[in-house]
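Have a look at the structure below before the remarks.
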Amino acid sequence: MRPQTHNDRTTHAMTDDTTTRRPEEGHAQATSPFGGLSIDFSGDSAAVPIAAAVTPPAFAADIEAIAGATDTGAAHGGRTEAKVIVVGSGPAGLTAAIYAARANLEPIVLAGSAPGGQLMITSDVENYPGFPDGIQGPELMTLFRAQAERFGSHVVDVDVERVDFGSRPFRLWARGVEYRAEAVIVATGASAIWLGLDSETRLRGRGVSACATCDGFFFRDKEIAVVGGGDSALEEAGFLTRFASKVHLLHRRDAFRGSKIMIQRTLENPKIEVHYNTVVDEVLGDTHVDGLRVHDTRSGQEREMAADGLFIAIGHQPNTEAFRDWLEVDQKGYLTVRDETASKVEGVFVAGDVHDHRYRQAITAAGEGCKAAIDAERWLEAQGVVEASAAAAW
């Protein structure tokens with residue numbers, strides 16, 4: 001199987017992207033920036049160590065810098081004050097950092113303890129412009145980061161725990177360190193909700209995915225399964241019939257929660273077989289998905305079913321916990337925006353999947369990161385923090 005991807009981001013997407021995620025990613029190691037992680041999507045060839053597959057020699061020094069970053073802000077001189085702080089290091093956050101740095105704002109990027117966003121657990125990204133042969137998700141994010149640092153961004157791999165947006169300078173705390181900025185760009189993204197199975201975690205990127213739009217292409221003429229019962233699951237199952245020979249739609253209840261039109265389309269699709277009252281107990285396979293062990297919630301009967309891939313479509317969780325006391329969220333928990341990227345707090349801007357639950361693509365997130373940085377620079381200029389002559393030629 002191929003990746004779960006976000007060909008853009010992980011997780012779920014409503015446009016055309018390809019990526020695969022994996023949860024095991026943590027802090028990079030000095031000897032292997034991705035911890036010796038290997039990816040094997042084909043099942044018929046040797047696994048390829050990500051470090052070897054995606055590390056361009058020209059960026060070796062940048063990867064070593066990533067591996068050596070500290071959790072206390074002591075790296076790169078320990079700077080804790082900036083005109084702009086970017087929270088998040090996925091496509092939105094690092095694009096914002098690139099633009100802010102080119103505007104001479106010298107941003108601090110609070111990248112998170114697992115920097116790089118969902119693309120770090122994505123394998124092949126084939127729909128990001130500029131890479132006709134595709135690119136590995138970790139390699140793409142390594143390039144993003146190297147570019148941001150080249151222009152003067154200070155990246156610290158720490159998670160923001162709480163913030164105070166009550167007055168300027170805004171204050172943010174991460175690992176016991178207080179950071180201050182005149183403007184903040186929130187680009188913390190969203191995370192797919194998983195089943196919580198050890199086998200699911202082990203096989204993410206090897207047949208387990210949370211983004212049909214990203215990874216469906218890799219399942220041509222394969223038999224696959226989708227878990228979920230809402231419109232997202234119904235839509236993903238329908239989308240996957242463009243590629244798969246058969247799609248098993250597994251739902252733990254006896255009726256779908258989606259809209260009537262989506263349910264009707266699903267039930268009328270000859271390539272979709274619906275399994276009500278069905279729960280996945282284990283994803284089978286050593287190096288890639290080759291089946292599922294499921295049980296019936298009414299009878300308790302267990303059985304195995306063939307599947308070359310498993311798509312999880314039970315929702316996403318926006319990473320907004322640290323900001324909820326200060327910024328508005330919608331009914332789904334995503335941050336709301338005003339006038340493109342602004343929040344209800346002047347000087348705080350929002351970009352990427354932390355508010356976008358429609359597209360969830362790397363390319364759209366990068367575009368929003370660009371917009372947020374330009375908006376932040378212009379706002380700082382209006383506040384007299386930045387002189388007009390210092391503005392970058394976008």
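The values are calculated or read from the model by the stated rules, or taken from the named source; none is laboratory data. The shown structure was predicted, so the numbers you read here are calculated from the model rather than taken from an experiment. Neighbour counts are summed over all protein chains in view; Cβ atoms, including those assigned to glycine, are modelled from backbone coordinates with ideal geometry. Ligands, DNA and RNA are stripped out before the accessible areas are found, and what is left, the full protein with its side chains, is counted by its heavy atoms. Shrake-Rupley method; radii C 1.70, N 1.55, O 1.52, S 1.80 Å.
What to note about this one:
- Packing order of peptides 336-346, 248-258, 312-322, highest average first: 312-322, 248-258, 336-346 (average count of other Cβ atoms within 10 Å over each peptide's residues).
- Note on the stretch 275-394: Cα convex hull, mean projected area over all directions, 12.1 nm².
- Within the straight-line cut-off of under 28 Å between alpha carbons, the lysines reachable from Lys332 are Lys260, Lys344, Lys371, sequence neighbours fewer than 8 places apart in one chain being disregarded.
- FRET efficiency for Gln264 and Gln301, using Cβ-Cβ distance with R0 set to 35 Å, rounded to 0.05: 0.75
- Stretched out straight at 0.36 nm per residue, the stretch from Arg358 to Arg168 would grow longer than its current Cα-Cα span by 65.2 nm.
- In this label model, Arg180 and Asp198 are separated by 4.9 nm, measuring between points 7 Å along each Cα→Cβ vector.
- Along its three principal directions, the equivalent ellipsoid of the stretch 173-285 from the Cα gyration tensor extends over semi-axes of 33, 18, 15 Å, largest first.
- Packing-based order for 83-89, 220-226, 329-335, using average beta carbon neighbours within 10 Å, highest first: 83-89, 220-226, 329-335
- With the cut-off at under 18 Å, measuring from each backbone N in the stretch 237-269 to a point 7 Å along the Cα-to-Cβ line of Asp221 picks out 241-247.
- Based on protein heavy atoms only, the stretch 126-215 ends up with 36 Å² per residue of surface accessible to a 1.4 Å probe.
- Cross-link partners for Lys246 among the lysines, with Cα-Cα distance under 20 Å and sequence neighbours closer than 8 places in the same chain left out: Lys222, Lys271.
- Förster radius 51 Å - calculated FRET efficiency between Val279 and Asp339 (Cβ-Cβ, nearest 0.05): 0.70
- Accessible area of the stretch 332-394 divided out per residue, in Å², using a probe of 1.4 angstrom: 44 Å²
- Gain on full extension, evaluated as 0.36 nm per residue between Glu321 and Glu387 minus their Cα-Cα distance, stands at 20.4 nm.
- Accessible-area order (highest first, 1.4 angstrom probe) of the listed residues Cys214, Cys370: Cys370, Cys214
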